[in-house]
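The values are calculated or read from the model by the stated rules, or taken from the named source; none is laboratory data. As the structure is a prediction and not an experimental result, all values here were calculated from the model. In this analysis, Cβ positions are derived from the backbone assuming ideal geometry, glycine residues included, and neighbour counts consider all displayed protein chains.
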Amino acid sequence: MKNMTRNPASAQSTTPLAVAYSGHAVAIGRGVALAGVVIPLVMIGILKFTQYEIDALKPLIGATPWLAWLYVVFGFAGTAYLLGVVELITAALFIASPWSARAGIAAGALGSLAFATTSSTLLAFPIWEPTAGGFPFLNFVGTFLIKDIALLGVSLVVLGEGLARNGIGTR
């Protein structure tokens with residue numbers, strides 16, 4: 001049987017390089033993850049101020065029992081504008097989050113709330129494409145909404161990092 005023990009000398013010689021590359025990969029990954037949240041928030045946030053998006057939201061929000069009240073309170077355009085403002089503010093906070101723990105906390109909290117809400121609408125709609133055989137094939141609504149689960153994850157990471165940097169939850 002082959003000896004399965006490691007040679008400590010060879011393991012140590014590769015560790016600094018591996019650590020350096022892993023640190024770069026994490027830093028690049030964080031930047032890409034933040035861009036992956038900020039870009040959709042800005043682009044879709046701006047779109048909320050157009051009639052096209054106001055009309056596109058009507059069946060999504062109107063058919064979601066826990067969101068339909070927004071139309072009663074704010075109307076169709078007001079609801080879209082409110083969502084757009086929240087998305088743009090959240091994007092700005094995400095941009096500031098690497099330099100400010102408080103911005104990270106606010107961005108993470110707002111992003112988590114927004115993406116948990118949009119992800120929850122997956123429960124209100126048929127998301128499987130029947131012409132493709134149903135599960136696991138997503139229809140248009142499913143493909144539109146499924147990405148928000150990843151965006152929720154990034155938001156939670158930013159929230160957690162902001163809390164840790166602010167000393168909240170540490171002993």
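Determine, yes or no, whether E87 is crowded, with 17+ Cβ neighbours inside 10 Å and out of contact with any helix residue (DSSP H, G or I) (no Cβ under 6 Å at 6 or more places or on another chain). Against the criterion (crowded, with 17+ Cβ neighbours inside 10 Å and out of contact with any helix residue (DSSP H, G or I) (no Cβ under 6 Å at 6 or more places or on another chain)), E87 does not qualify. Criterion applied to L60, L70 was being aliphatic (A, V, I, L, M), at pLDDT 95 or above and surrounded by 14 or more Cβ atoms within 10 Å (Cβ to Cβ), and the one residue passing it is L70.
Residue-wise test of (1) in contact with a Lys or Arg (Cβ under 9 Å, 6 or more places away or on another chain); (2) touching a residue at least 24 places away in the same chain (Cβ under 8 Å); (3) not small (G, A, S).
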{"position": "A109", "(1), (2), (3)": "no, yes, no"}
{"position": "S120", "(1), (2), (3)": "no, yes, no"}
{"position": "G134", "(1), (2), (3)": "no, no, no"}
{"position": "L151", "(1), (2), (3)": "no, yes, yes"}
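Taking each residue of the stretch 24-46 that is at negative phi and looking for partners that are among the acidic types (D, E) with beta-carbon atoms closer than 7 Å, six or more apart or interchain, yields L41/E87; I44/E87; G45/E87.
For the stretch 132-155, give me the residue count where each residue is among the small types (G, A, S), within 17 Å of the chain's Cα centre (by Cα) and either more than 21 Å from P59 (Cα to Cα) or modelled with pLDDT under 85 (or both). Residues in the stretch 132-155 being among the small types (G, A, S), within 17 Å of the chain's Cα centre (by Cα) and either more than 21 Å from P59 (Cα to Cα) or modelled with pLDDT under 85 (or both): 3 in total. Screening A18 with (1) part of a helix (DSSP H, G or I); (2) surrounded by 14 or more Cβ atoms within 10 Å (Cβ to Cβ); (3) at pLDDT below 95 gives one miss only, at (2).
Every condition in (1) at pLDDT 95 or above; (2) over 30 Å from I28 (Cα atoms); (3) surrounded by 17 or more Cβ atoms within 10 Å (Cβ to Cβ); (4) hydroxyl-bearing (S, T, Y) is met by Y81 except one, and the failing one is (3).
Each residue in the stretch 123-132 was checked for being in contact (Cβ under 8 Å) with a residue 60 or more places away in the chain and touching a helix residue (DSSP H, G or I) at 6+ places or on another chain (Cβ under 6 Å), and 1 pass. For first residues located in the stretch 48-61 and farther than 9 Å from A80 by Cβ, partners that are modelled with pLDDT under 95 and in a helix (DSSP H, G or I) and lie 6+ apart or on another chain with Cβ distances below 7 Å form the pairs L60/T121.
Per-residue answers, yes or no, for (1) hydrophobic (A, V, I, L, M, F, W, C); (2) within 20 Å of A33 (Cα to Cα); (3) touching a strand residue (DSSP E or B) at 6+ places or on another chain (Cβ under 7 Å):
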| site | (1), (2), (3) |
| --- | --- |
| F125 | yes, no, no |
| E129 | no, no, yes |
| G134 | no, no, yes |
| L152 | yes, yes, no |
| L156 | yes, yes, no |
| L163 | yes, yes, no |
| N166 | no, no, no |
